[in-house]
Protein chains: 2
Amino acid sequence: MITTKNCIIRLSRYKNALYRLQALGFVKFFSDNLADAVGVTAAVVRKDFSVFGISGNKKGGYQIETLLEKLNSILGKDRLQKVVVIGAGHIGSALMRYRGFEKEGIKIAAGFDIDPSKVNRSSPVPILPLEEIKGFIKSHGIKIAVLTVPDIAAQEVVDIISASGIKGVLNFAPLRLKSPEGCIINNVNLEIELENLIYFVNVMEKTK
Amino acid sequence: MITTKNCIIRLSRYKNALYRLQALGFVKFFSDNLADAVGVTAAVVRKDFSVFGISGNKKGGYQIETLLEKLNSILGKDRLQKVVVIGAGHIGSALMRYRGFEKEGIKIAAGFDIDPSKVNRSSPVPILPLEEIKGFIKSHGIKIAVLTVPDIAAQEVVDIISASGIKGVLNFAPLRLKSPEGCIINNVNLEIELENLIYFVNVMEKTK
């Protein structure tokens, strides 16, 4: 079964939209409702569902609760996901304190930093020296790291943590990293996101 | 001329890769070099360039300096871009202190928050009450806002700042907002990015 990143991102969005529909008291929905809520066509919703063997019935649509269970299981949300943050600078520290992850069943188990002055074992999310990462991820069963180190350090740190057993990296450093074998890297590039927005606002302003 | 978000994101990546090539001493490059650095095919590079009327010569490739000037002009990077951050929580405060934007010619002119206890006019990036935003963006010529408010407040705040003259919003709240007319919203959803990574790592682990 081949699934693209975009397809899985849509599954997350369906799930979030379904929770909002459920909070409003709905128990059933049609692919059209979900399509509107997520901003795609109903055909895309049905196609995504068919990839995962999810089928509704034409008359009654889909049951929200059943579908949420299924989506949560596909997305691995039926169990707590523990991740670590590497780099305790401004962005890394903010992510360690960010409440949004916990709501999604994602727990930041620890932060790591190369700089000994950043180490703080007694903070709510303990910040540990990078050399302890191997033992930590082994004993806590962690496979995912969020990388918020300066760009000049990013590739070296990816190589270190990947050799320590990290399988997936969410990279905030504004450059393209080489993926070590057996390690997936997704990028969040805040500079490029802003640049992109600036471009389209400028185009819109010029054509007014 | 129709350009997609992905095309403009690639332009940003070409620009960043060209700066790295330039730092290594290169003055010319071929579409293949750039394709490798950005992770697309050479045909995509040439197609993107042709959309903007950029042509190289078959023999000598492209001049890095000339192309950087052109890309910077297309992306609006030939002048300082001022933005504001709405919401001075953990993520918002980290973005106000984040050095990466300045390197890209993006200046965070001010932060805004509804909570009076967050207001701090004397911090390096002043944090002002939200009701001052209209006057501020008018006097500073600002059109772009980064939105880091709690999800329950996000739509209301978007409506307020859009009515105040904001034309583009980079939204960190984990839900889909309705775009007011004449306002572009791009989303950075950290929860979904992590969820996505967790999914693909789980798939990789299962198929091992």
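The values are calculated or read from the model by the stated rules, or taken from the named source; none is laboratory data. On a predicted model such as this, the values are computed, not experimentally measured, just so you know. Glycine also receives a Cβ, built like all others from the backbone with ideal geometry; neighbour counts cover every protein chain displayed. Each accessible area value is taken on the protein alone, full model and side chains, heavy atoms only, with ligands, DNA and RNA left out. Shrake-Rupley method; radii C 1.70, N 1.55, O 1.52, S 1.80 Å.
A few notes on this one:
Yes/no matrix, rows are residues, columns are (1) out of contact with any helix residue (DSSP H, G or I) (no Cβ under 8 Å at 6 or more places or on another chain); (2) more than 25 Å from A:VAL40 (Cβ to Cβ):
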residue: B:PHE112; (1), (2): no, yes
residue: B:ALA154; (1), (2): yes, no
residue: B:ALA173; (1), (2): no, no
residue: B:ILE192; (1), (2): no, no
residue: B:GLU205; (1), (2): yes, yes
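- Among the conditions (1) acidic (Asp, Glu); (2) within 14 Å of chain A (Cβ to nearest Cβ); (3) surrounded by 15 or more Cβ atoms within 10 Å (Cβ to Cβ), B:ASP113 misses just one, which is (2).
- Residue check: B:GLY76 meets all listed conditions (1) at positive phi; (2) away from every other protein chain (no Cβ under 12 Å); (3) open to solvent by less than 20 Å² (accessible area, probe 1.4 Å) but one, namely (2).
- Qualifying residue in the range B:96-106 (condition: open to solvent by 50 Å² or more (accessible area, probe 1.4 Å), basic (Lys, Arg), more than 16 Å from A:GLU193 (Cβ to Cβ) and within 10 Å of chain A (Cβ to nearest Cβ)): yes
- Residue satisfying all of: in the range B:1-45; away from chain A (no Cβ under 14 Å) and in a loop (DSSP other than H, G, I, E, B); least open to solvent (accessible area, probe 1.4 Å) among these: B:GLY25
- Condition met for A:LEU34 (of a type in the set (A, V, I, L, M), closer than 30 Å to A:PHE136 by Cα and modelled with pLDDT under 90): no
- In the range B:176-195, the residues that are within 17 Å of A:LEU95 (Cα to Cα) and open to solvent by less than 20 Å² (accessible area, probe 1.4 Å): B:VAL188, B:LEU190, B:GLU191, B:ILE192, B:LEU194, B:GLU195
- Against the criterion of being open to solvent by less than 70 Å² (accessible area, probe 1.4 Å) and touching an Asp or Glu at 6+ places or on another chain (Cβ under 6 Å), A:ALA173 qualifies.
- Residues located in the range A:143-165, provided they are under 21 Å from B:LYS206 (Cα atoms) and either of a type in the set (S, T, N, Q) or free of Cβ contacts under 8 Å to residues at least 60 places away in the same chain (or both): A:LYS143, A:SER162, A:ALA163, A:SER164, A:GLY165
- Residue match in the range B:80-93 (condition: in a loop (DSSP other than H, G, I, E, B), modelled with pLDDT under 95 and within 10 Å of another protein chain (Cβ to nearest Cβ)): yes
- Scan the range B:124-133 for residues that are within 14 Å of chain A (Cβ to nearest Cβ) and either part of a helix (DSSP H, G or I) or modelled with pLDDT of 95 or more (or both) and the total you get is 1.
- Subset of the range A:155-208 [farther than 18 Å from A:VAL85 by Cα, at the interface with chain B (Cβ under 7 Å from one of its Cβ atoms) and of a type in the set (Lys, Arg)]: A:ARG176
- The range B:74-107, residues that are among the charged types (D, E, K, R), closer than 22 Å to B:LEU128 by Cα and free of Cβ contacts under 8 Å to residues at least 60 places away in the same chain: B:ARG97, B:ARG99, B:GLU102, B:LYS107
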